[in-house]
């Protein structure tokens, strides 16, 4: 008996989609300039502090664009100290495989899955953000094979806590050409995360999208500290000074290029209590002052933020409120960005 898998339709190749929805020279120039500045931050040539901030999931193009325009105004105010990379996550990992999987699957969260429409919707939304705000964004690489649909638009990729042990995620990260943040696994084992960074920083040869490919290695692969969950399901933070000192020492032992870390202020670090992100962000900034090694290593923060505080169920219809993890609302987010700019 053959596989029990129905082949619905063949999706377009990334090259076909890029030809169908091409980018202007202006968009290409913006990405090139931003990529160069972000690389300088990771390699220590530029002292700006990174903020990877935005909704848990980018579920609604109108609300996401509204948020990005607001973010742009604040970004301009703090641009001497802070470099903002918006989170525009259009595919969401679901631990049980059930529930809303992001705009890639469902361009409309209240309708059925339609991946053909989803692939076009996410490309068009990312392109609109660059055109209208000059931001190039961050995505989670949930499906390595899908990265090519957006590879000419993104400036940052995160590999999630459940994907970080996966061989394909590690190898594809070695050929991205932009920073790849490797989250610590949910167990909290930083050795697993550092193995992932090592794999991504080295040249690799493997099978990808039906091709045999080789990569030069990605020297901008780095750590994202997101807290852990123990066997009883309790959250444990890993943003404290001792955790960061320990990571800096582990980096040194491994001799990896550009030792860098982004601290995720939500997830298991906050126990998903979204308001804790404000306190955690400040805590990390105080830790940086106590050690040169930690200061050099911590390049920025990852914050989940949207227009309205908290989260809602799909179908409640509250504009700009997360339908996945709870997020910090816009007013609090704006104040926090300004406070971070004063503290760095």
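The values are calculated or read from the model by the stated rules, or taken from the named source; none is laboratory data. The model shown is predicted, which means the values in this text are computed figures rather than measured ones. For neighbour counting, all protein chains shown are included, and Cβ atoms are generated from backbone atoms with ideal geometry for every residue, glycine included.
Would you pick out the residues in the range 199-230 that are under 24 Å from residue 255 (Cβ atoms) and out of contact with any helix residue (DSSP H, G or I) (no Cβ under 7 Å at 6 or more places or on another chain)?
201, 202, 203, 205, 214, 215, 216, 224
For the range 31-79, which residues satisfy the criterion of being free of Cβ contacts under 8 Å to residues at least 40 places away in the same chain and more than 18 Å from residue 132 (Cβ to Cβ)?
Listed by number, the residues that qualify are 32, 36, 40, 45, 46, 47, 48.
Output yes when any residue across the range 248-266 is over 17 Å from the mean Cα position of the chain (by Cα) and farther than 20 Å from residue 44 by Cβ, and no when none is. So that I can check it myself, show each step before the final result.
The first filter runs over the range 248-266 and keeps only residues over 17 Å from the mean Cα position of the chain (by Cα), leaving 248-259.
Adding the requirement that they be farther than 20 Å from residue 44 by Cβ leaves none.
No, every residue in the range 248-266 fails to be over 17 Å from the mean Cα position of the chain (by Cα) and farther than 20 Å from residue 44 by Cβ.
Could you tell me whether the range 57-78 includes any residue that is under 21 Å from residue 262 (Cα atoms) and outside any helix (DSSP H, G or I)?
Yes.
Within the range 184-194, which residues are surrounded by 16 or more Cβ atoms within 10 Å (Cβ to Cβ) and either free of Cβ contacts under 8 Å to residues at least 24 places away in the same chain or over 20 Å from residue 217 (Cβ atoms) (or both)?
184, 185, 186, 188, 190
Filter the range 223-242 down to the residues that are buried (at least 23 other Cβ atoms within 10 Å of the Cβ), without any contact (Cβ under 8 Å) to a residue 60 or more places away in the chain and not in a loop (DSSP other than H, G, I, E, B) and list them by number.
Of everything in the range 223-242, those that are buried (at least 23 other Cβ atoms within 10 Å of the Cβ), without any contact (Cβ under 8 Å) to a residue 60 or more places away in the chain and not in a loop (DSSP other than H, G, I, E, B) turn out to be 223, 225.
Quick check on my filter: what residues within the range 116-132 are over 18 Å from residue 84 (Cα atoms) and either surrounded by fewer than 18 Cβ atoms within 10 Å (Cβ to Cβ) or touching a strand residue (DSSP E or B) at 6+ places or on another chain (Cβ under 8 Å) (or both)?
116, 117, 120, 124
Are any of the residues in the range 124-144 assigned to a helix (DSSP H, G or I), within 15 Å of the chain's Cα centre (by Cα), at pLDDT 95 or above and within 20 Å of residue 303 (Cα to Cα)?
Filtering the range 124-144 down to residues assigned to a helix (DSSP H, G or I) leaves 124-133, 144.
The next check asks that each one be within 15 Å of the chain's Cα centre (by Cα); those that pass are 126, 144.
Of the ones still in play, those that are also at pLDDT 95 or above are 126, 144.
After this cut, where a residue has to be within 20 Å of residue 303 (Cα to Cα) as well, the list is 126.
Within the range 124-144 (the criterion being assigned to a helix (DSSP H, G or I), within 15 Å of the chain's Cα centre (by Cα), at pLDDT 95 or above and within 20 Å of residue 303 (Cα to Cα)), the answer is yes, since at least one residue qualifies.
Is it fair to say residue 164 is in contact (Cβ under 8 Å) with a residue 24 or more places away in the chain, under 26 Å from residue 24 (Cβ atoms) and touching a helix residue (DSSP H, G or I) at 6+ places or on another chain (Cβ under 6 Å)? Quick ask: steps written out before the conclusion?
Working: in contact (Cβ under 8 Å) with a residue 24 or more places away in the chain: yes; under 26 Å from residue 24 (Cβ atoms): no; touching a helix residue (DSSP H, G or I) at 6+ places or on another chain (Cβ under 6 Å): yes.
Spelling it out, it is not the case that residue 164 is in contact (Cβ under 8 Å) with a residue 24 or more places away in the chain, under 26 Å from residue 24 (Cβ atoms) and touching a helix residue (DSSP H, G or I) at 6+ places or on another chain (Cβ under 6 Å).
Quick one: count up the residues across the range 10-51 that are outside any helix (DSSP H, G or I) and either surrounded by fewer than 17 Cβ atoms within 10 Å (Cβ to Cβ) or modelled with pLDDT under 95 (or both).
Kept after step one, since they are outside any helix (DSSP H, G or I), are these residues of the range 10-51: 10-13, 21-24, 43-51.
The next check asks that each one be either surrounded by fewer than 17 Cβ atoms within 10 Å (Cβ to Cβ) or modelled with pLDDT under 95 (or both); those that pass are 10-13, 21-22, 24, 43-47.
Of the residues in the range 10-51, 12 are outside any helix (DSSP H, G or I) and either surrounded by fewer than 17 Cβ atoms within 10 Å (Cβ to Cβ) or modelled with pLDDT under 95 (or both).
Out of (1) under 24 Å from residue 230 (Cβ atoms); (2) in contact with a helix residue (DSSP H, G or I) (Cβ under 9 Å, 6 or more places away or on another chain); (3) buried (at least 24 other Cβ atoms within 10 Å of the Cβ), what's the single condition that is false for residue 158?
Exception for residue 158: condition (2).
Condition (residue is touching a strand residue (DSSP E or B) at 6+ places or on another chain (Cβ under 7 Å) and assigned to a loop (DSSP other than H, G, I, E, B)) applied to the range 79-87: is it met by at least one residue? Break it down into steps so the answer makes sense when it comes.
Initial filter on the range 79-87 (touching a strand residue (DSSP E or B) at 6+ places or on another chain (Cβ under 7 Å)): 81-87.
Among the residues that remain, those that are also assigned to a loop (DSSP other than H, G, I, E, B) are: 81.
Scanning the range 79-87 turns up at least one residue that is touching a strand residue (DSSP E or B) at 6+ places or on another chain (Cβ under 7 Å) and assigned to a loop (DSSP other than H, G, I, E, B).
Starting from the range 196-222, keep only residues that are over 26 Å from residue 259 (Cβ atoms), then list their pairs with residues that are part of a loop (DSSP other than H, G, I, E, B) whose Cβ atoms are within a distance under 9 Å, requiring at least 6 positions of separation or different chains.
As it stands, the answer is 208/175; 209/13; 213/175, since those pairs meet every condition given.
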